[in-house]
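Here the structure comes first, spelled out in structure tokens, and everything after it is commentary.
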Amino acid sequence: QVQLVESGGGLVQPGGSLRLSCVASRNGFSISVMGWYRQAPGKQRELVAIMRSGGTTSYGESVRGRFTISRDNVKNTVYLQMNSLRPEDTAVYYCNVRFRGMDSWGQGTQVTVSS
């Protein structure tokens, strides 16, 4: 089990930017996948972005080109830089890691995009 602490959510206007951070309780070099998912009210949780230990990434179709995932294994941290935010990006964003074949989730951080 990996403990995750997220930060960086909040209220932002359309077109604005936010950066989410997630710190893991395990050594970042030992975590195979680190990433972000989101869940809007009344919708299923969906992939936002993941980064594998080798550096490869995958993005959800709706965020590709606007969001960028990165990770710092020394700091056991994964980041999500969100640019050109839209109202439809409003959701609770969850950090996710895969360690020794098991998934762990953060508590979630609210991102609201509204004027």
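Against the list (1) touching a residue at least 40 places away in the same chain (Cβ under 8 Å); (2) in contact with a strand residue (DSSP E or B) (Cβ under 7 Å, 6 or more places away or on another chain); (3) over 19 Å from Q1 (Cα atoms), the condition N76 fails is (3). Residues in region 1-46 that are surrounded by fewer than 15 Cβ atoms within 10 Å (Cβ to Cβ), closer than 15 Å to K75 by Cβ and under 12 Å from the mean Cα position of the chain (by Cα): V5, S7, R19. All of (1) under 16 Å from F29 (Cα atoms); (2) assigned to a strand (DSSP E or B); (3) open to solvent by 70 Å² or more (accessible area, probe 1.4 Å); (4) not acidic (D, E) hold for V74 with one exception: (2). Under the condition of being among the hydrophobic types (A, V, I, L, M, F, W, C), within 17 Å of G28 (Cβ to Cβ) and touching a Phe, Trp or Tyr at 6+ places or on another chain (Cβ under 7 Å), the residues counted in region 81-104 number 1. Filtering region 47-70 to residues that are surrounded by fewer than 16 Cβ atoms within 10 Å (Cβ to Cβ) and assigned to a loop (DSSP other than H, G, I, E, B) leaves S53, G54, G55, T56, G60, E61, S62, R64, G65, R66. Quick one: in region 86-115, which of the residues that are under 14 Å from the mean Cα position of the chain (by Cα) and more than 16 Å from V5 (Cα to Cα) is surrounded by the fewest Cβ atoms within 10 Å (Cβ to Cβ)? For region 86-115, the residue satisfying everything is T90.
The values are calculated or read from the model by the stated rules, or taken from the named source; none is laboratory data. None of these values were measured; they are calculated from a predicted model. In this analysis, Cβ positions are derived from the backbone assuming ideal geometry, glycine residues included, and neighbour counts consider all displayed protein chains. Just so you know, the surface numbers come from the protein's heavy atoms only, side chains and all, with ligands and any DNA or RNA stripped out. Shrake-Rupley method; radii C 1.70, N 1.55, O 1.52, S 1.80 Å.
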